[in-house]
Amino acid sequence: MKIDILTLFPEMFKGFLEESIIKRARERKCVDIAIHNIRDYTKDPHKKVDDYGFGGGAGMVLMPEPVYEAIAAFRTENSKVLLMTPQGVPYQQEHAYQLSHCSHLIIVCGHYEGFDERIRSFVDEEISIGDYVLTGGEIPSMVIVDSITRLIPGVIEEESHIQDSFHNHLLDYPVYTKPVEFRGMKVPDVLLSGHHENIRKWRLEQQRKKTAERRPDLLEER
Ligand code: ADE
């Protein structure tokens, strides 16, 4: 999969791209992620990308031209263009599964103070990562890329996806490692029993219990 991220703050992506699973996925060529500065696509001689909003109001507004040009530089007939905005569709695991099958994503990071409404007409989907407002679309775009990359075959063990919270509308079951007892808290006996069928049943029961307690809305969807 190829992912082009369009942003005014390319430096923000350094640690994200160069650590852990995302780094490994890139090295293994499971995903090709490129960061592009929207400012490089303006035709303005002063490289201006934002201006005051018509009608007044606080803050600067990202202009449509540099975003249009940046998208045009990378878009092909196989591209899906995503815009990060708190006004978008709330992002969920199901959406990550769908996007992980795309061959090319272009992700536009919204501007902290707003973007020209006409930018909406250049994109295929608007996505929000939750009902709170961040300073820009950079962190949301990392959330999307991270959640998609881990689903690409070869990036992490396939079995991990089946265990994921939200898979089948259930939260994940509890896991334990050494020591068997820590500050009086013991690993449940069933996990030490080696009885695979009992372990499977216990885990499913734990998933149902935890989901009922914490996220009954997920059980309704199920
Ligand atoms: N930009 C600012 N806040 C955001 C959010 N919650 N989701 C997506 N993009 C955003």
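The values are calculated or read from the model by the stated rules, or taken from the named source; none is laboratory data. Bear in mind the structure is a predicted one, so any value in this text is a computation, not a measurement. Cβ coordinates were reconstructed from backbone atoms using ideal geometry, including for glycine residues, and neighbour counts include every protein chain displayed. Accessible surface is based on the protein model in full, side chains and every heavy atom, while ligands, DNA and RNA are left aside. Shrake-Rupley method; radii C 1.70, N 1.55, O 1.52, S 1.80 Å.
So, in the stretch 7-27, how many residues would count as being basic (K, R) and in contact with a strand residue (DSSP E or B) (Cβ under 8 Å, 6 or more places away or on another chain)?
Final tally of qualifying residues: 1.
Give, as residue ranges, the strands (runs of 3 or more DSSP E) completely inside the stretch 1-68 that count at least 3 residues that are open to solvent by less than 50 Å² (accessible area, probe 1.4 Å) and touching a helix residue (DSSP H, G or I) at 6+ places or on another chain (Cβ under 9 Å).
So the answer is 2-7, 32-37.
Taking the stretch 180-215 as the search range and keeping residues that are out of contact with any helix residue (DSSP H, G or I) (no Cβ under 8 Å at 6 or more places or on another chain) and open to solvent by less than 70 Å² (accessible area, probe 1.4 Å), which one is farthest from S147 (Cα to Cα)?
G184
Of all residues being more than 17 Å from F13 (Cβ to Cβ) and within 8 Å of the ligand (Cβ to nearest atom) in the stretch 106-141, which is surrounded by the most Cβ atoms within 10 Å (Cβ to Cβ)? Just the residue, please.
Checking each candidate, the answer is I127.
Of the residues in the stretch 28-75, how many are closer than 28 Å to M1 by Cα and away from the ligand (no atom under 16 Å from the Cβ)?
Residues meeting the conditions: 25.
Between a first residue in the stretch 189-209 that is closer than 25 Å to R222 by Cβ and a second residue that is surrounded by 12 or more Cβ atoms within 10 Å (Cβ to Cβ) and hydroxyl-bearing (S, T, Y), which pairs have beta carbons less than 6 Å apart while being 6 or more apart in sequence or on different chains?
R203/Y173; Q206/Y173; Q207/Y173
Contact list please: Cβ distance under 8 Å, first residue in the stretch 109-121 and under 18 Å from Y52 (Cβ atoms), second residue part of a loop (DSSP other than H, G, I, E, B) and within 10 Å of the ligand (Cβ to nearest atom), pairs at least six apart or on different chains.
If the second residue must be part of a loop (DSSP other than H, G, I, E, B) and within 10 Å of the ligand (Cβ to nearest atom), the pairs left are G110/G136; G110/G137; H111/G136; H111/G137; Y112/L134; Y112/T135; Y112/G136.
Within the stretch 76-89, take every residue that is farther than 14 Å from P140 by Cα and part of a strand (DSSP E or B) and give me the one that is nearest to the ligand (Cβ to nearest atom).
Looking at the filtered set, the residue picked out is V81.
Among the candidates P216, P188, single out the residue that is more than 33 Å from the chain's Cα centre (by Cα) and not assigned by TED's automatic domain parsing to the domain that holds L151.
After ruling out the rest, the residue left standing is P188.
Between L105, L134, L62, which is touching a Lys or Arg at 6+ places or on another chain (Cβ under 9 Å) and not hydroxyl-bearing (S, T, Y)?
It is L105.
With respect to Q92, determine if the residue is more than 16 Å from the ligand (Cβ to nearest atom) and open to solvent by 40 Å² or more (accessible area, probe 1.4 Å).
No.
Identify the single condition in (1) in the same structural domain as H111 (by TED's automatic domain parsing); (2) assigned to a helix (DSSP H, G or I); (3) touching a helix residue (DSSP H, G or I) at 6+ places or on another chain (Cβ under 7 Å) that L151 does not satisfy, given that it satisfies every other one.
In the conditions (1) in the same structural domain as H111 (by TED's automatic domain parsing); (2) assigned to a helix (DSSP H, G or I); (3) touching a helix residue (DSSP H, G or I) at 6+ places or on another chain (Cβ under 7 Å), L151 misses (2) alone.
For the stretch 156-182, which residues satisfy the criterion of being modelled with pLDDT of 90 or more and over 19 Å from L218 (Cβ atoms)?
The answer is I156, V175, Y176, T177, K178, P179, V180, E181, F182.
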